[in-house]
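The values are calculated or read from the model by the stated rules, or taken from the named source; none is laboratory data. Being a predicted model, the structure only gives us computed values, none of them experimental. Every residue, glycine among them, receives a Cβ derived from its backbone with ideal geometry; neighbour counts consider all protein chains shown. Areas reflect the complete protein model, heavy atoms only, side chains present, ligands, DNA and RNA absent. Shrake-Rupley method; radii C 1.70, N 1.55, O 1.52, S 1.80 Å.
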Amino acid sequence: MVPECLKSSTIIPVPKKTTITSLNDYRPVALTPVIMKCFERILLRYIRHFIPADLDSLQFAYRANRSTEDAVSITLHTALSHLQHPNTYVRMLFVDFSSAFNTVIPDKLVLKLLKVGLPASLCHWIIDFLTNRPQVVRIESPALFTLFTHDCVAIHPTNTVVKFADDTTVVGLISDNNETHYREEIQQLTQWCSANNLVLNTGKTKEVIVDYRRSRRTGHTPLLIDGEEVERVDNIKFLGLHITSDLSWNTNTSHLGDDRERPLPQRDCVVR
């Protein structure tokens, strides 16, 4: 069990954008007791002893010797390797979850941790740590989540699901205009989210189509999630890199000066 005083937290709303129009434009950052943060780091090292080295090879967050650059490289390499074959194109879905870390159900998380191999006593401690947490708000992304999503994987070999914490991208490799596996993958992802209490934010989820074919069709059939059409864009910022529909570096290079002037987002790497 964890003493309640060590589970208390102070919520600091941090603006996501320059102009604030609603409460959703704030990101709630939880400040927890320093002594508990130190203990979390010790516990995290202990947890890693039980995690198989080959668990979820396409999750790049909170893993040793992995970074956002690795996630981007795998995504682009997967797409470009497929585009070398004739009559092919790629559809990439950049998924946005609504309040991903806040929607994890502790009981479901612990069931997955037990399957991974964590001891029952440790899982009971984690449940107690994650429940009945007093919070206050003062006006002025997480390792356990990566374990919670380790079973969110592609069901078809022609698709790749790349993850960095809650940033999730589905890369569909299309041949001969057959999108069946890609659309089944999106349906499977939707069902996985529903079963795990995660809400797909369709309004912020975007799709990029990379099609180099000269004889390509005039248009691609829109992608629907729960009856809502996913917006197709020619440029999206993915883990700090600008991905375009022609996979060129021009847009990313032109934004380098602007991005250097903005502070980098801070991500807490300890267990929450």
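The residue of the range 43-82 that is surrounded by the fewest Cβ atoms within 10 Å (Cβ to Cβ), among those that are part of a loop (DSSP other than H, G, I, E, B) and among the basic types (Lys, Arg), is Arg66. Looking across the range 52-81, the residues that are hydroxyl-bearing (Ser, Thr, Tyr) and farther than 15 Å from Thr149 by Cα come down to Ser67, Thr68, Ser73, Thr75, Thr78, Ser81. Consider Thr158 carefully, then state whether it is in contact with a strand residue (DSSP E or B) (Cβ under 9 Å, 6 or more places away or on another chain), among the polar types (S, T, N, Q), open to solvent by 20 Å² or more (accessible area, probe 1.4 Å) and closer than 28 Å to Arg48 by Cβ. So Thr158 does not fit the description; no. The set of residues in the range 228-272 being of a type in the set (Gly, Ala, Ser) and modelled with pLDDT of 90 or more consists of Ser245 alone.
How many residues are within 10 Å of Ile155 (Cα to Cα) and of a type in the set (Phe, Trp, Tyr) if we restrict to the range 182-202? Matching residues across the range 182-202 total 1. Exactly one residue out of Thr221, Thr205 is touching a strand residue (DSSP E or B) at 6+ places or on another chain (Cβ under 9 Å) and hydroxyl-bearing (Ser, Thr, Tyr), and it is Thr205. For the range 196-214, a residue qualifies if it is part of a loop (DSSP other than H, G, I, E, B) and more than 18 Å from Leu173 (Cα to Cα), and the qualifying residues are Asn196, Asn197, Leu198, Asn201, Thr202, Gly203, Lys204, Thr205. Quick one: would you say Leu109 is surrounded by 18 or more Cβ atoms within 10 Å (Cβ to Cβ) and more than 30 Å from Asn252 (Cα to Cα)? Considered against the rule, which asks whether it is surrounded by 18 or more Cβ atoms within 10 Å (Cβ to Cβ) and more than 30 Å from Asn252 (Cα to Cα), Leu109 comes out as yes. Filter the range 9-42 down to the residues that are open to solvent by less than 50 Å² (accessible area, probe 1.4 Å) and part of a strand (DSSP E or B) and list them by number. Answer for the range 9-42, where residues must be open to solvent by less than 50 Å² (accessible area, probe 1.4 Å) and part of a strand (DSSP E or B): Ser9, Thr10, Ile11, Ile12, Pro13, Val29, Ala30.
The criterion of at least 3 residues that are farther than 22 Å from Cys5 by Cα and of a type outside the set (A, V, I, L, M, F, W, C) is met by the following helices (runs of 4 or more DSSP H) wholly inside the range 86-153: 106-116.
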